[in-house]
Every structure is written in C-alpha cells, then in structure tokens.
Amino acid sequence: MSATDVQNKNAGARGFRRTAACAIAVAAVALSASGCHHKEQQVRVPPQSLPPQVQASAPTPAPPASNTARIPITPVPAGGVSDDDLEYVATHRPILSEVGYATWYTAPYKGRRAANGQVFEDDAMTAAHRTLPMGSLVVVTNMKTGQSSAMRISDRGPFVEDRMLDLTIASAKAVGVYRVGMALVRMDVYEAPKPINTGGRWCVQIGAFHNEEDALALKAQLLQTYPGANVMEFPGEKSFWVRIRPQGDNRAQAEQIARHLQPVEGSAFLTRLD
C-alpha cells in the first residue's frame with residue numbers, strides 16, 4: 001500500500017469517527033431536550049389534589065336592637081275596652097293576678113300622649129302599670145268594696161314606691177278609687193298581646209328630682225358607667241326624671257341597673273317600654 005493510500009484510509013477513518021461522534025452528540029442533545037420538556041410538564045401540572053375544605057364560618061350575630069328606636073303605637077279600643085273584651089273576660093280565666101295599691105291620675109295638659117302612643121283620655125277605661133305588656137286586658141277589683149271593672153293598660157306608672165296601678169278618672173270611679181284617692185285592689189290579667197315573662201323592651205326610670213341639676217348630674221354619671229346605653233332627662237309635673245335604656249333595651253341589664261342604682265333623690269323603677 002502506498003503512502004497515499006494509507007493517508008486516504010486514515011482520513012476516512014477519522015471522518016467516520018467524526019460522523020459517529022456527531023450522531024452520538026445529536027442523539028444525546030435530543031434525549032436531553034426530551035427530558036427537560038418532560039420535567040417542565042411535571043412542574044407546571046401539579047398532581048391532582050382534593051378540593052380544600054371550606055371552613056364553616058360562625059354565623060354573624062344579628063345586630064342588637066337599637067336602644068333609641070321609637071316604640072310602636074299599641075292602640076286600645078275606643079273607650080279603653082270593647083264588647084268583645086267584656087265577653088272575653090266573662091268566658092275566660094285570668095292568667096295572672098296581683099294585689100297592690102291603686103291611685104288615679106290625669107294628664108298635666110290636653111293632648112298629652114300616653115305611653116302606648118295614643119292621646120290620653122280621662123274618660124277611657126285604661127290604666128298605667130310599670131311592667132305589663134302594653135295593651136294588656138285586666139280586671140281591677142276594689143278589695144274593700146268589691147267594685148270591679150275591665151280596662152286596658154295604655155300607660156306607664158305609677159312611679160311611686162308601693163303603688164301598683166294608676167287609673168284614669170273613669171277607671172277610678174268605676175272601682176271606687178276616685179273619692180278615696182288610693183285603695184287596695186286586685187288586678188287580674190286576662191289577656192296580654194305579648195309574653196309577660198320573656199322578651200320585651202326595658203328601661204329604668206329614675207326620679208323624681210326636684211332640681212334639674214341633680215337629674216343632669218345623674219345622667220352624666222350613667223353615661224360614664226354605661227357608655228352603650230341611651231340616657232335622657234325630661235321634665236315631669238313639677239319635677240325631673242332620668243331614663244336609661246340599656247343596649248338593645250335588654251331586660252337583664254335593666255334589672256341589674258335598677259338593683260344597683262341608689263339615687264340620692266327618688267327611686268329607680270324597672271319599666272317595660274312595649
């Protein structure tokens with residue numbers, strides 16, 4: 001073999017090796033590229049998982065009733081009681097009875113509204129009570145004379161210690177209280193438009209104060225002690241009063257306030273508003 005043939009043979013071998021190496025390199029690059037693409041797919045498409053648990057949120061509590069809201073009018077029949085009321089009393093038994101002293105009262109001015117929202121009338125068969133639901137149907141009996149009459153609760157009071165009822169002039173005459181001014185009576189409750197022992201909207205009425213400055217001083221003290229309450233002062237007949245309505249007109253808090261209050265003048269009376 002000539003030197004030229006040997007050179008050609010070696011050149012061919014080297015070319016073969018370069019071609020093979022290139023093929024291997026291309027295959028390796030292709031394999032490598034294929035592997036990166038598969039890895040990217042794994043990152044971008046995570047394994048399927050269960051949907052996340054929904055955390056049950058606690059129900060949002062209802063906002064407390066406004067302690068500045070106006071109490072709706074609770075009308076009573078014309079004259080206080082109707083024929084249907086009298087028939088109801090004759091055919092039913094009382095659901096509650098209470099014994100205490102009754103007095104009578106009149107409006108300090110014409111057109112004054114009773115606590116139920118209607119204009120106060122001297123000749124209506126109605127009465128004032130501190131805690132019975134407004135519009136309750138009652139029969140009042142004079143324990144001494146036996147005189148009795150049906151009437152409706154349309155007002156709040158009496159705001160005097162050891163008194164149970166304040167009667168209109170008509171009611172007082174019907175049960176023999178008008179002339180004597182005060183008498184021991186039994187009050188039988190026959191019907192109440194709302195539950196008597198549960199619910200309701202409540203406040204504490206404090207007084208009477210002979211001096212308006214004393215009422216204002218108590219109001220300032222109550223506002224500091226019960227910042228969430230609504231406190232107001234208002235004039236009465238030759239006197240001044242303070243009323244505190246706890247947040248939401250809550251009965252339990254009103255009872256607590258009434259128990260702990262010891263006003264320098266007057267008394268604290270637990271009172272139902274509705």
message: Scan the stretch 256-274 and tell me whether some residue there is of a type in the set (V, I, T), assigned to a loop (DSSP other than H, G, I, E, B) and over 30 Å from I95 (Cβ atoms).
response: yes
query: in contact (Cβ under 8 Å) with a residue 12 or more places away in the chain and part of a strand (DSSP E or B): does that describe V177?
result: no
- request: Evaluate the following for N142: is it in contact with a Pro (Cβ under 8 Å, 6 or more places away or on another chain) and open to solvent by less than 10 Å² (accessible area, probe 1.4 Å)?
  value: no
- prompt: Could you say whether any residue in the stretch 113-121 is open to solvent by 10 Å² or more (accessible area, probe 1.4 Å), among the aromatic types (F, W, Y) and in contact (Cβ under 8 Å) with a residue 12 or more places away in the chain?
  reply: yes
- request: Count, please, the residues in the stretch 148-174 that happen to be in a strand (DSSP E or B) and over 15 Å from G135 (Cβ atoms).
  value: 5
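Pick from R251, R243, R272: which is of a type outside the set (F, W, Y) and open to solvent by less than 20 Å² (accessible area, probe 1.4 Å)? First the steps, then the outcome.
On the way: R251 fails: open to solvent by less than 20 Å² (accessible area, probe 1.4 Å); R243 fails: open to solvent by less than 20 Å² (accessible area, probe 1.4 Å).
It is R272.
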message: Out of the residues in the stretch 68-112 meeting the condition of being basic (K, R) and either modelled with pLDDT under 95 or open to solvent by less than 70 Å² (accessible area, probe 1.4 Å) (or both), tell me which one is farthest from the chain's Cα centre (by Cα).
response: K110
- line: When (1) assigned to a loop (DSSP other than H, G, I, E, B); (2) modelled with pLDDT under 95 are applied to P235, the one that fails is (1)
query: Out of all the residues in the stretch 202-209, is one or more buried (at least 19 other Cβ atoms within 10 Å of the Cβ), modelled with pLDDT of 95 or more and either closer than 21 Å to P75 by Cα or out of contact with any Phe, Trp or Tyr (no Cβ under 8 Å at 6 or more places or on another chain) (or both)?
result: yes
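The values are calculated or read from the model by the stated rules, or taken from the named source; none is laboratory data. This is a predicted model, so every value here is computed, not measured. Virtual Cβ from ideal backbone geometry, glycine too; neighbours counted across all protein chains shown. With ligands, DNA and RNA removed, areas are computed over all heavy atoms of the protein, side chains included. Shrake-Rupley method; radii C 1.70, N 1.55, O 1.52, S 1.80 Å.
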